[in-house]
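Since the structure comes first, as structure tokens, the remarks are kept for the end.
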Amino acid sequence: MKHNYNEILDNNLSINSYLWPNDRNPFEFIETIVKARIKNIGLHIDFINNFGVNKLKQELTLNKINVTSVNSVGYFTDPYYFKQNEKFLQIAKIINPDLVCLITGGFFGGPNPISNEYVSNNEQINFKNLRDDTNQKIILLCEQASKLNLTLGLEPIGSWDILKKGHFNSISSCSKLIKDNNHKLIIDLYHSFTDINLDTFLRKSSKLGLLQFSNINFDDNFRPIGRKTLSDLNNKNNLDLSKYIKLILNRKDNMKLEFEVFQSDINEDPKEIILNLKNEILKLL
């Protein structure tokens, strides 16, 4: 069966607001999304606060824009961010996204940039005890989200970010944490491109809630250090984005595909990235 990728992208492509500068009018982001005829967006808390949650909700409803994700709850190891979870869930309830991104936090807190609330005390790192504790906290947060009719999207984090981002690092370990409830996984290619279970999970798992994608920027020692836009493809150390995107577009469950880069990752005008994204993807397919 030949798929009409152009039509599927029209309905399923999403762009995360992380690429939008904090000092630039957030309303212009929504205007650009509408101009690009994109029907879905991902949102992060700074953008929501800059816009105003109730005003943003009105604009989303007016323009019939679906929210694929809001970022992020969790960060169980960080004394500041962990305390924001209840407040964040209440904000998410207003926005009503497909998924609320859940990131566990690194062994020394998080998220990046490094939180000054928590620093190493030079004790021996005990990942088992930390993960056992987080397991219980995830159960409670899942229950709390379910009471608000929100679905969490637990994100496996690349092991290179285990100290300051997330301490559950594989698709298999994260899948075990949500196997007995209705919550999902968010798979971010930047964090999961090395995972042995990636292809199979993307192809057929009912626990997949969203694929976030970008190309990857590697340093001189071939370690991942950031994200690249599709216009940065140069046939050197690139992910096989065509394969991963097709795995999602060929699914039969209307799975969403969210482009996620950060302002610090890009040299171009974010407006132009948004307007050109569909065509950039179609070139890959």
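Annotations for the structure displayed:
- Residue among 192, 231, 264, 205 that alone is of a type in the set (Gly, Ala, Ser) and more than 27 Å from residue 3 (Cα to Cα): 264
- Taken together, the residues in the stretch 62-113 that are in a loop (DSSP other than H, G, I, E, B), of a type outside the set (S, T, N, Q) and within 17 Å of the chain's Cα centre (by Cα) amount to 6.
- Within the stretch 239-256, the set of residues being in contact with a helix residue (DSSP H, G or I) (Cβ under 9 Å, 6 or more places away or on another chain) and over 14 Å from residue 215 (Cβ atoms) comprises 246, 247, 248, 249, 250, 251, 254, 255, 256.
- Cβ pairs under 6 Å, 6+ apart, first in the stretch 15-37 and without any contact (Cβ under 8 Å) to a residue 60 or more places away in the chain, second surrounded by fewer than 21 Cβ atoms within 10 Å (Cβ to Cβ) and charged (D, E, K, R): 30/59
- Scanning the stretch 139-162 for residues that are crowded, with 18+ Cβ neighbours inside 10 Å, outside any loop (DSSP other than H, G, I, E, B) and modelled with pLDDT of 95 or more yields 141, 142, 145, 152, 153, 154.
- Against the test of being assigned to a loop (DSSP other than H, G, I, E, B), within 18 Å of the chain's Cα centre (by Cα) and farther than 24 Å from residue 206 by Cβ, the options 277, 239 yield a single qualifying residue, 239.
- Annotation: residue 44 fulfils all but one of (1) within 19 Å of the chain's Cα centre (by Cα); (2) of a type outside the set (Lys, Arg); (3) at pLDDT below 95; the unmet one is (3).
- For residue 241, the criteria (1) surrounded by 17 or more Cβ atoms within 10 Å (Cβ to Cβ); (2) within 19 Å of residue 161 (Cβ to Cβ); (3) in contact (Cβ under 8 Å) with a residue 40 or more places away in the chain hold in every case but one, which is (2).
- Residue within the stretch 206-217 that is of a type outside the set (A, V, I, L, M), within 15 Å of residue 252 (Cα to Cα) and more than 16 Å from the chain's Cα centre (by Cα) present: yes
- Inter-residue pairs, beta-carbon under 8 Å, first within 18 Å of residue 245 (Cβ to Cβ) and in the stretch 174-201, second basic (Lys, Arg) and crowded, with 21+ Cβ neighbours inside 10 Å, 6+ apart: 190/227
- For the stretch 165-215, taking the residues that are part of a loop (DSSP other than H, G, I, E, B) and aliphatic (A, V, I, L, M), the one that is surrounded by the most Cβ atoms within 10 Å (Cβ to Cβ) is identified as 178.
The values are calculated or read from the model by the stated rules, or taken from the named source; none is laboratory data. The shown structure was predicted, so the numbers you read here are calculated from the model rather than taken from an experiment. Every residue, glycine as well, gets a Cβ built from its backbone with ideal geometry; the counts of neighbours run over all protein chains shown.
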